[in-house]
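Student: Submitted below is the structure of interest, expressed as C-alpha cells.
The values are calculated or read from the model by the stated rules, or taken from the named source; none is laboratory data. Note that the structure is a prediction, hence the values are computed from the model and not measured. Here the Cβ is made from the backbone with ideal geometry for all residues, glycine too, and neighbour counts use every protein chain on show. All accessible areas refer to the heavy atoms of the entire protein, side chains included, with ligands and DNA or RNA removed. Shrake-Rupley method; radii C 1.70, N 1.55, O 1.52, S 1.80 Å.
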Amino acid sequence: MALVRATRLVHFSAAHRLYRAEWSDEHNAEVFGDCSNPHWHGHNYELEVTVEGPVDPETGFVMDLKRLKDLVERRVVSDVDHKNLNVEVSWLEGVNPSTENVSVAIWGRLVGELPDGVRLAKVMLRETSRNWVEYTGE
C-alpha cells in the first residue's frame with residue numbers, strides 16, 4: 001500500500017519576546033535583536049501540519065483533512081491565536097518562544113492525537129515569509 005503525505009495549513013497571530021531573564025537587556029538585544037523588545041512584538045504565523053500513512057481504500061484519504069484541521073484548531077490554534085506566547089500559553093511556560101521551540105511544542109501537542117495508522121510527519125512553522133522552521137520529531 002502506498003504511503004502518502006497530506007498537509008493542512010492554518011494561521012494564527014501571536015506576540016512574543018525572545019530573551020533570557022538572567023541576561024541584561026543589552027545582551028538580549030545583541031543575541032535576539034528586535035525580537036528581544038521588552039514590549040513584545042507579533043507575527044502572523046503560518047503552520048503546516050503534515051501527516052503520513054496509507055491511503056484508505058474506502059475513502060481515498062490518508063486522514064480526513066477536516067479532522068486534522070479540527071485537531072490542530074483544538075490542540076494548538078485555540079491556545080495561541082491572539083495570545084502572548086510568553087505569558088498566556090500554559091504549554092509554553094518556561095520556554096523561550098523561538099519558532100524552533102514553538103514548533104517542537106506544537107509537535108508534542110499533536111503527536112499522540114492522530115488516528116491509528118497515521119503518523120505525524122512534519123510541523124512547519126513560518127514566522128515570516130522569509131523565516132521558518134521544520135520539525136520532524138527527531
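Student: If you take the charge dipole of the chain about its Cα centre, with +1 on Lys and Arg Cβ and -1 on Asp and Glu Cβ, which of V77, A14, S24 is farthest toward its positive end?
Tutor: Toward the positive end, the furthest listed residue is V77.
Student: For the chain, what does the accessible surface come to per residue with a 1.4 Å probe? Please give it in Å². Write out the running numbers ahead of the final one.
Tutor: On the way: 7940 Å² over 138 residues.
Each residue of the chain exposes 58 Å² on average to a 1.4 Å probe.
Student: Based on the Cα atoms of segment 1-44, what semi-axes does the equivalent ellipsoid have, where each is the square root of 5 times one gyration tensor eigenvalue, given in whole Å with the largest first?
Tutor: On the way: eigenvalues 256, 39, 10 Å².
Value: 36, 14, 7 Å, ordered largest first.
Student: A further question follows. Which label marks the calculated value of Rg and Dmax of the Cα atoms in Å, given the options [x] 14.5, 48; [y] 15.4, 47; [z] 16.7, 60?
Tutor: [z]
Student: With +1 on each Lys and Arg Cβ and -1 on each Asp and Glu Cβ, how big is the dipole of segment 13-120 about its Cα centre, in debye rounded to the nearest 20?
Tutor: Computed about the Cα centre, the dipole is about 200 debye.
Student: What are the ³J(HN,Hα) values, in whole Hz, obtained from phi via the Karplus relation 6.51 cos²θ - 1.76 cosθ + 1.60 with θ = phi - 60°, for each residue of segment 46-58 in sequence order, with x given for Gly and Pro?
Tutor: Listing the rounded values in order: 10, 10, 10, 10, 10, 10, 9, x, x, 7, 5, x, 7 Hz.
Student: What is the ratio of the Cα radius of gyration of segment 89-138 to 2.2 N^0.38 Å, where N is its residue count, to two decimals?
Tutor: Values: Rg = 11.8 Å, N = 50, 2.2 N^0.38 = 9.7 Å.
Taking N as the residue count of segment 89-138, the ratio is 1.21.
Student: Determine the share of segment 64-138's accessible area contributed by carbon and sulfur atoms, expressed in whole percent, with a 1.4 angstrom probe.
Tutor: Numbers: 1780 of 4110 Å².
In segment 64-138, the share of accessible area belonging to carbon and sulfur is 43 percent.
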